[in-house]
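Enquirer: Supplied in structure tokens, the structure appears directly below.
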Amino acid sequence: MTRSKVRAGDVLAGVGGIALLAVMFAPWYRFLEGVYVGSRTVSAGDTQQTAWQALSLTLVPLVLVALLGITLLATTVFQRTQAWPVAAQVFTSAFGVIASIWVLVRLINPPGPNFAADRLWGAWVGTLLVLVITAGACWSMRDENRP
């Protein structure tokens with residue numbers, strides 16, 4: 001284990017990935033109760049939904065970016081060569097940009113009918129964490145201090 005290779009961007013991406021996985025269990029949206037066109041039915045006692053409940057296809061880039069952020073930190077700490085950390089930086093940056101756009105669109109246009117969905121604190125913090133992971137990976141790539 002070589003802690004001297006860890007840069008601030010690596011830590012930012014890794015901690016952001018762990019935090020994003022935790023925030024995905026917090027409430028992201030509040031829906032009005034009722035049956036909506038498609039597959040969404042909101043019962044009277046279950047109007048607040050987490051990211052796991054409210055999002056379907058958007059979960060893929062969220063989980064992928066969170067795991068890539070954690071992988072970036074882990075490969076920087078545990079790998080003896082620079083090949084794996086550099087690959088993790090590139091993949092995290094590339095997928096982070098895509099996931100950032102995707103999650104920002106979901107923040108503007110929530111799942112289900114827009115009149116029936118309110119964004120809760122989890123959606124805002126989750127979007128911020130995706131941006132933090134992406135920024136950490138880009139910062140890590142730009143950092144020229146490579147031991």
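The values are calculated or read from the model by the stated rules, or taken from the named source; none is laboratory data. Predicted model, so just to flag it, every value in this text is computed and none were measured. Cβ coordinates were reconstructed from backbone atoms using ideal geometry, including for glycine residues, and neighbour counts include every protein chain displayed. For the accessible areas, the whole protein counts, side chains as well, though only heavy atoms, and no ligand, DNA or RNA atoms are used. Shrake-Rupley method; radii C 1.70, N 1.55, O 1.52, S 1.80 Å.
Enquirer: Please indicate, with yes or no, whether at least one residue in segment 118-126 is open to solvent by 10 Å² or more (accessible area, probe 1.4 Å), under 10 Å from the mean Cα position of the chain (by Cα), in contact (Cβ under 8 Å) with a residue 40 or more places away in the chain and closer than 30 Å to Glu33 by Cα.
Expert: So far as segment 118-126 goes, yes, one or more of its residues are open to solvent by 10 Å² or more (accessible area, probe 1.4 Å), under 10 Å from the mean Cα position of the chain (by Cα), in contact (Cβ under 8 Å) with a residue 40 or more places away in the chain and closer than 30 Å to Glu33 by Cα.
Enquirer: Continuing with this model, one more query. Quickly run through segment 86-117 and pick out the residues that are in contact with a Ser or Thr (Cβ under 8 Å, 6 or more places away or on another chain) and among the polar types (S, T, N, Q).
Expert: Gln89, Thr92, Ser93, Ser100
For (1) farther than 21 Å from Ala8 by Cβ; (2) in contact (Cβ under 8 Å) with a residue 60 or more places away in the chain; (3) of a type in the set (Asp, Glu); (4) not in a helix (DSSP H, G or I), each residue gets a yes or a no:
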| position | (1), (2), (3), (4) |
| --- | --- |
| Ile70 | no, no, no, no |
| Val77 | no, yes, no, no |
| Thr92 | no, yes, no, no |
| Val103 | yes, no, no, no |
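Enquirer: Quick check on my filter: what residues within segment 49-58 are open to solvent by 30 Å² or more (accessible area, probe 1.4 Å) and not hydroxyl-bearing (Ser, Thr, Tyr)?
Expert: Trp52, Gln53, Leu57
Enquirer: Additional query: From the residues in segment 62-83 that are open to solvent by 30 Å² or more (accessible area, probe 1.4 Å) and small (Gly, Ala, Ser), which one is modelled with the highest pLDDT?
Expert: Here the residue is Ala74.
Enquirer: So how many residues does segment 34-61 have that are outside any loop (DSSP other than H, G, I, E, B) and at pLDDT 75 or above?
Expert: 10
Enquirer: Condition check: farther than 19 Å from Phe25 by Cα and without any contact (Cβ under 8 Å) to a residue 40 or more places away in the chain. Does Ala99 satisfy that?
Expert: In short, no.
Enquirer: Among the numbered criteria (1) farther than 18 Å from Lys5 by Cα; (2) open to solvent by 10 Å² or more (accessible area, probe 1.4 Å); (3) out of contact with any helix residue (DSSP H, G or I) (no Cβ under 9 Å at 6 or more places or on another chain); (4) at pLDDT below 85, which single criterion is violated by Gly112?
Expert: Among (1) farther than 18 Å from Lys5 by Cα; (2) open to solvent by 10 Å² or more (accessible area, probe 1.4 Å); (3) out of contact with any helix residue (DSSP H, G or I) (no Cβ under 9 Å at 6 or more places or on another chain); (4) at pLDDT below 85, Gly112 violates only (3).
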